[in-house]
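Notes to accompany the following structure.
The values are calculated or read from the model by the stated rules, or taken from the named source; none is laboratory data. As the structure is a computational prediction, the values presented were derived from the model and not from experiment. As a convention, Cβ positions derive from the backbone with ideal geometry for all residues, glycine included, and neighbour counts pool all protein chains shown. Side chains are part of the model used for accessible areas, which takes the heavy atoms of the whole protein and leaves out ligands, DNA and RNA. Shrake-Rupley method; radii C 1.70, N 1.55, O 1.52, S 1.80 Å.
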Amino acid sequence: MIMTSELVLAEIKNGVLVITVNRPDKLNALNKQTIEDLHETLVEAENMKEVNSVIITGAGQKAFVAGADIAEFANYSVEQGKQLSSIGHFKIFNFIENFTKPVIAAVNGFALGGGLELAMACHIRVVSDNAKMGLPEVSLGVIPGYGGTQRLAQLVGKGKAFEMIVTADMIGAQDALKWGLANYVTTQDELLNKCFEITAKIQTKSPTAVKTAIKVINAGYNSKLNGYEVEIEEFGKSFGTGDFQEGVSAFLEKRKAGFKGN
Ligand code: COA
């Protein structure tokens, strides 16, 4: 059984952990407690053998996550603002980006500020056709503080990122798809099914290789690392894994691989 709380619901369905941010009356805005609960759920999931991949979505029909909780940070000092950002990076956004299992954002409505940053920290984004996505922080006199200034440019390119951040404009699902912010657009009804279609494919693959692929892709976006060098190293290491033995044997024996994730 995985931890579930009032603010963060978690359910494992056939190896897929579905996490639902559950503050629909506040459009699932991320307050401190939600961040804590989400972090705890993720830490637990990281270590659970039975969890193969993760889907994150928001409760209700209206919002994925409408951002950090504005009421909560309204009176913050400079130091508290810095803390808010760094704790968030550490506990949620970087944590998700470096998660050892694929994480898919099922963006079911507004994904604004910290909500879009949450979706962007995930490895894949599936977006419902009613979704509105944006980084409206400059409207509040702040800037995106949960990785938005960096990850938006990585996904949509610098020009569109500048435009979205300095105008605070929201974009719809079709633009998100066109610009590379969404992998797929579906109806709201089909949203989770599309995510499960992706996780079903992942489930037949080597968990060890998938974990390594995530690590190496991320290495290319880490200015302290050389992604190509990390790739060479990790490619070599994969020859020493049980999953490699199994994958190659299965291919040569013309059977389905039964990966153990070792
Ligand atoms: N933080 C705290 N509360 C939020 C919130 C946030 N980021 N986003 C929405 N809410 C709350 C509203 O205050 C409201 O609460 P109330 O019913 O107690 O007054 C409730 O969620 C519903 O939102 P509301 O604004 O009434 O819905 P709407 O349909 O009129 O507008 C949005 C929807 C998303 C356009 C609007 O809520 C919004 O602009 N939210 C803030 C987005 C933002 O700036 N995020 C970045 C934060 S850094």
Exercise for the section: Say whether the condition of being part of a helix (DSSP H, G or I), in contact with a helix residue (DSSP H, G or I) (Cβ under 7 Å, 6 or more places away or on another chain) and open to solvent by 70 Å² or more (accessible area, probe 1.4 Å) is met by at least one residue in region 25-33. Expected result: yes
Handout entry: Residues satisfying the stated conditions in region 231-249, i.e. loosely packed, with under 15 Cβ neighbours inside 10 Å, of a type outside the set (G, A, S) and under 28 Å from the mean Cα position of the chain (by Cα)
Key = I232, E233, F235, K237
Exercise for the section: Inspect all residues belonging to region 59-72 and state whether any of them is away from the ligand (no atom under 14 Å from the Cβ), in a strand (DSSP E or B) and buried (at least 24 other Cβ atoms within 10 Å of the Cβ). Expected result: no
Practice task
Test K13 against the criterion of being within 16 Å of the ligand (Cβ to nearest atom), assigned by TED's automatic domain parsing to the domain that holds G148, among the basic types (K, R) and open to solvent by 60 Å² or more (accessible area, probe 1.4 Å), and give yes or no.
Solution key: no
Fill in the blank from the handout: Okay, helices (runs of 4 or more DSSP H) sitting entirely in region 188-262 with 3 or more residues that are at pLDDT 95 or above and in contact with a Leu (Cβ under 7 Å, 6 or more places away or on another chain), I get none
Exercise for the section: Kindly check whether there is at least one residue in region 171-183 that is at positive phi, open to solvent by less than 30 Å² (accessible area, probe 1.4 Å) and at pLDDT 95 or above. Expected result: no
